[in-house]
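Quick one: the structure is below, questions incoming.
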Amino acid sequence: MGVPQSRGPLAVLETAARGLSLLLGVLMLLMVVVIFAQVIARYVLHNSLSWSEEIGRYLFIWITFLGAVIGVKERLHVGVDVVVNAVPPGVRRIPVLVGNLLMIVFVAYMLQGSFKLLELGRHQVSPATSIPMLYPYLILPLASILMLVYLLVNAVLDWINVGGGKS
C-alpha cells in the first residue's frame, strides 16, 4: 500500500499543479518538435512549413502563462522582502498582506482584460492556420483564474504563518 494521501482543497491544488507541470512539459516537447520540423523542412527539404512559426508562437505563449501559474504557486516570483524584514515580527503581517493584495489586484485586472481579448478573438482567425484566435487567447483567463486561486491560498497561508512568527 502506499502512504495515505491527504484530502482537501490543498491536495486538489497540488494535484492540479502536477497536472499543469505535466501539460507544460508536453507543450514544451510539442514546441521543440514543431520548430525542429521547421528547421528540417527549411534547410534540408528547402520548403518552409507555413504554419510552424505561428503554432510555435502560440505554444510559447501558453508555456509562458502556464509557467507563470506554477511560478505563483511555488512562490518563484521576484519579491522584495526588505520591508518585511525591517519591521518587527508582530507587524510583518501588514507588508506581507499588502504585497499579496497588490498581486491579487494586478491579476484580477489582467483577468478582466482577458475577457475583452477573448471577445475580440471570437471574431478573428490566425493568418497561417486559420484557427480562431479564441484558442490562443484562452490561456489569458485560464492562467489568471489559476493565479488568483494560488495567490489567495498563498495569502491565507502567509497570514497564518507570518502571524505565528514563522516568517
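The values are calculated or read from the model by the stated rules, or taken from the named source; none is laboratory data. If you're wondering where the values come from, they're calculated on a predicted model, not measured in any experiment. When we count neighbours, we look across all protein chains shown, and the Cβ atoms used for this are built from the backbone with ideal geometry, even at glycine. Ligands, DNA and RNA are stripped out before the accessible areas are found, and what is left, the full protein with its side chains, is counted by its heavy atoms. Shrake-Rupley method; radii C 1.70, N 1.55, O 1.52, S 1.80 Å.
Enter the accessible area of E14 (Å², nearest 10), with the probe set to 1.4 Å and all protein chains included.
The accessible area of E14 comes to roughly 80 Å².
Using only Cα atoms, tell me the angle between helix 139-163 and the longest principal axis of the chain; keep it within 0 to 90° and round to the nearest 10.
Orientation of helix 139-163: about 20 degrees from the principal axis.
Between F60 and V125, what FRET efficiency comes out of the Förster formula 1/(1 + (r/R0)^6) with R0 = 22 Å and r the beta carbon distance, rounded to 0.05? Kindly include the intermediate steps, with their values, before the conclusion.
Values: r = 19 Å, r/R0 = 0.88.
Once the sixth-power term is evaluated, E becomes 0.70.
Once phi is turned into θ = phi - 60°, what whole-Hz ³J(HN,Hα) does the Karplus curve with 6.51, -1.76 and 1.60 give for every residue of region 54-67, x standing for Gly and Pro?
5, 5, x, 5, 5, 4, 4, 5, 4, 4, 4, 6, 5, x
Continuing with the same structure: Amide H to amide H, which residues 5 or more places from M133 or on other chains are under 5 Å from it, using H placed in the peptide plane?
Q124, V125, S126
Next question, about the same structure. Testing the spin-label approximation: label points 7 Å from Cα along Cα→Cβ at K116 and L134. State their distance in nm.
Rounded to a tenth, the inter-label distance reads 2.1 nm.
Could you do me a favour and compute the accessible area per residue for the chain, 1.4 Å probe, result in Å²?
With all protein chains present, the chain gives 66 Å² per residue.
With N residues in region 44-137, what two-decimal value do you get for its Cα radius of gyration over 2.2 N^0.38 Å? All intermediate terms of the calculation are to be shown ahead of the outcome.
On the way: Rg = 20.1 Å, N = 94, 2.2 N^0.38 = 12.4 Å.
Rg over 2.2 N^0.38 Å, computed on Cα atoms: 1.63.
Shifting gears a bit: Using only helices, what value at 222 nm comes out for the chain when you add -39,500 (n - 2.57) per DSSP H run of length 4 or more and divide by the total residues, to the nearest 500 deg cm²/dmol?
Numbers: 6 runs with 120 residues, N = 167.
The helix contribution divided over the chain gives -24500 deg cm²/dmol.
With all distinct Cα pairs included, what does the Kirkwood hydrodynamic radius of the chain come out to in Å, to one decimal, could you say? Don't jump to the answer; show the numbers that get you there.
Values: mean 1/r = 0.0535 Å⁻¹.
Result for the chain, one decimal place: 18.7 Å.
By how many nm would the segment from I145 to L22 grow when fully extended, if each residue of separation counts as 0.36 nm and the alpha-carbon distance is taken off?
Numbers: separation 123, 0.36 × 123 = 44.28 nm, distance 1.87 nm.
Gain on stretching I145 to L22: 42.4 nm.
Simple spin-label model, 7 Å along Cα-to-Cβ: R42 to A108 in nm?
About 4.4 nm separates the two model spin labels.
How high is the FRET efficiency from V80 to E14, r the C-beta distance, R0 30 Å, rounded to 0.05?
Efficiency computed from Cβ-Cβ geometry: 0.65.
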